[in-house]
Each structure stands twice: as C-alpha cells, then as structure tokens.
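Notes for the one structure printed next.
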C-alpha cells in the first residue's frame, strides 16, 4: 500500500487535470466558484498561476527555481548557483527569449532575480567584425558562391579556415532583428539574391541540392532522379498555393510546376494506421491557446508536444506524413506548419507592442515587406502593422 500523502497528491493532480477541462467548458469564473466551494473558508487563496496562459512546464520550472532561491535565502540548500543542467538551461533560455515572454512571466522572473537588465547582460556578446574581417567574410562568401552558385551554406561550413556558415547565420539573425546595416545586406544580396530567404533556410538548401542534381538546360529530368528528390518535388507541387512567389519562381526555373510529371507516383496506401496519440494532446493545446506554435520544450499533460509537432513538420516537408495527420493538424491551426521560418511565426504569435525587441522586429518586417509571403503580410496587417509605418534605422 502506498503512503497516504502519495494518494492525496495523486487525487489532487487528478482534480487539477479535471479542473483544466472544466475551465474550458464553463469558463474561469465558474471554475473559481467551484474551487471556492471545495476549499474551506479562511484558507489561503488559490495559486493564481495554477492554469497559466503559457505552458505548464514553464511554470513548473519557475516554481522549482523559486523554491531553490527561497531555500538559499533561509540558509538552507545551495540556491540557484548550483542548479542542475535542466534548470540552468531553462534559465539561459529565459534570458535569451526574454523579449518574447508574456508581461506576467516577466513579473514572475523578477521574483527569481531575472529582469530586463540581467537578461540583456546574460546574452552572449556579438562577435565584432572589423573592416579586415568583413572583407575576408565577403571574399569567402564570393568564393563559396562561385563554386556552388549560392551562399545557403550549412552552419558547419568552414572555408579556407574561415567559419563562413556561422558568420552567415549571424548575419541572418541580425537581419531578422533589424540590426543588419543596409550596406552589408546589399553586399550579400549581390552575391546571392536569396542569401536570407523569407522561407526556411532548409528549403533553400534542399532546392540547391535538387538544382545540382538536375540535368541539362531543360530543367529537372523526369527520370533518373533519386526517390527522395521526387518526393520533395511532389510536396512542393501539392503545397504550391502556400509557397512564396519567390519559391514558385525558383521551382519554375527548374521546370517544376504544379502539373509537371516528375518520377513515378507511389501507389496509394491501402493499410490504415491508428491515429497518433499526439493528436489528442494537440487538440487540447489548441483548444486552450488557439494555435499550434508552442516552444519545442512544451509538454501537454506530460506529453512532449513541442518536440512531437517539430517531428510532424519535418515529416510533412519530407513528404512522409500521412494525409490524415496533416488534415487533422491543419484543422486545428492552418499555419501549424508555415512555409516561412517557424521562429518568425512564433515571434508573430507572441508579439507584444512597446518593447525594444518588438520595435526592432517591426522595423525588420517593414524593411523586408516586399519579400514577405502574402500570408505573412496579412498576418502582420491583422496586428495593425503596415509597410509604411515609422521605425528606427538599422545599425551596423
């Protein structure tokens, strides 16, 4: 037999889980009235963050860090200086993504010593690029482009001893933050017009792999293409209307159009498979938050929903995700697998006006407005943003 406290804890967990479902059905106010009836008069107030708008996993990590901090203040324990790796990594992520958090999360982080100033101080220093290093970087980018026809280089790329992949990734990050100078952006655009595409870089790299495999001047050969390339092409054809016009132009240059016949289509599956358990958790998350763009560390009722959704996106882009799963997830959130970078979509989803990070991000979107996907422009317009609004100038 288990300890009475263990049984009580399990009963409380089951009640809270059921309460989460009740909140969705009857509303927060109604559930509070039920909860007040459960607890005797005169007891301490309920936890105001028992059902937060952010992930419960985030709240649990915060609670554990707060308890360690309070324990050190009372003279017991080692405090947060010697946190285990999981909590230490969590703290670093809060500093890195501080600008995207909810204002109430900011208030909670203040209680464990993380403010906007401390978060900014914890950021890794930006690598300094002097004139000589900049010339070297651009020269190596030109060398890479001359050999491969683009500079969508993997982050691990090192050319003549220069970490070109990391340097290009840093330039894309600065451009996304609105901090890349127009002069440097123009220099990179002259080397490769799509060096910083408004769609995932992985798509651009896959496209260039296909372009290298294409034979002759007539575009992609209808035969002799590896099965993986044929599958990737079919994914693009099936999602053509969701592609960026620039992606459509690149594919058309290889004679890939929605109606082009490339390779043999596989026979339709005749065997039915049971629905993934992740779908139920995705439905619960979408019912509560209204979208399917969680952080990759998000857990729903203990299920690693963030990682599971990431796996489904990769499968969908590789053309190996079942139609049933795609349709189910699309019904919950039309943009669960957006044709633009997932980081962009999360930033849009978590947009909070009147913060320095939001101001820089808005400026970057206005500067890149002609390159954005039409649906991205519509999503920005839904926030009241337009390409003609004012914004601070980018700095080098």
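Take residue 75 and decide whether it is out of contact with any strand residue (DSSP E or B) (no Cβ under 8 Å at 6 or more places or on another chain), modelled with pLDDT under 80 and on the phi > 0 side of the Ramachandran plot.
The answer is yes for residue 75.
Would you check if there is a residue in segment 346-364 being crowded, with 18+ Cβ neighbours inside 10 Å, over 19 Å from the mean Cα position of the chain (by Cα) and either at pLDDT 85 or above or within 24 Å of residue 182 (Cβ to Cβ) (or both)?
yes
Scan segment 145-166 residue by residue and report those that are surrounded by 15 or more Cβ atoms within 10 Å (Cβ to Cβ) and either touching a helix residue (DSSP H, G or I) at 6+ places or on another chain (Cβ under 6 Å) or more than 20 Å from residue 203 (Cα to Cα) (or both).
Within segment 145-166, 145, 150, 151, 152, 153, 157, 159, 162, 163, 164 qualify.
Could you pull out every one of the helices (runs of 4 or more DSSP H) wholly within segment 280-393 that has 1 or more residues that are under 29 Å from residue 115 (Cα atoms) and not assigned by TED's automatic domain parsing to the domain that holds residue 104?
Those helices (runs of 4 or more DSSP H) span 305-318, 342-349, 356-367, 374-382.
Residues to consider are 241, 186; find the one that is at negative phi, modelled with pLDDT of 90 or more and in a helix (DSSP H, G or I).
Among 241, 186, only 186 is at negative phi, modelled with pLDDT of 90 or more and in a helix (DSSP H, G or I).
Just one of the numbered conditions (1) modelled with pLDDT under 85; (2) surrounded by fewer than 18 Cβ atoms within 10 Å (Cβ to Cβ) is not true of residue 317; which one?
With (1) modelled with pLDDT under 85; (2) surrounded by fewer than 18 Cβ atoms within 10 Å (Cβ to Cβ) applied to residue 317, the lone miss is (2).
Give the residue, chosen from 96, 136, 100, that is in contact with a strand residue (DSSP E or B) (Cβ under 8 Å, 6 or more places away or on another chain) and either under 30 Å from residue 161 (Cβ atoms) or at pLDDT below 85 (or both).
One residue alone meets the criteria, 136.
The values are calculated or read from the model by the stated rules, or taken from the named source; none is laboratory data. Everything numeric here is computed off the predicted structure, so don't read it as measured data. Counting neighbours? That spans all protein chains shown, and the Cβs are built from the backbone with ideal geometry, glycine included.
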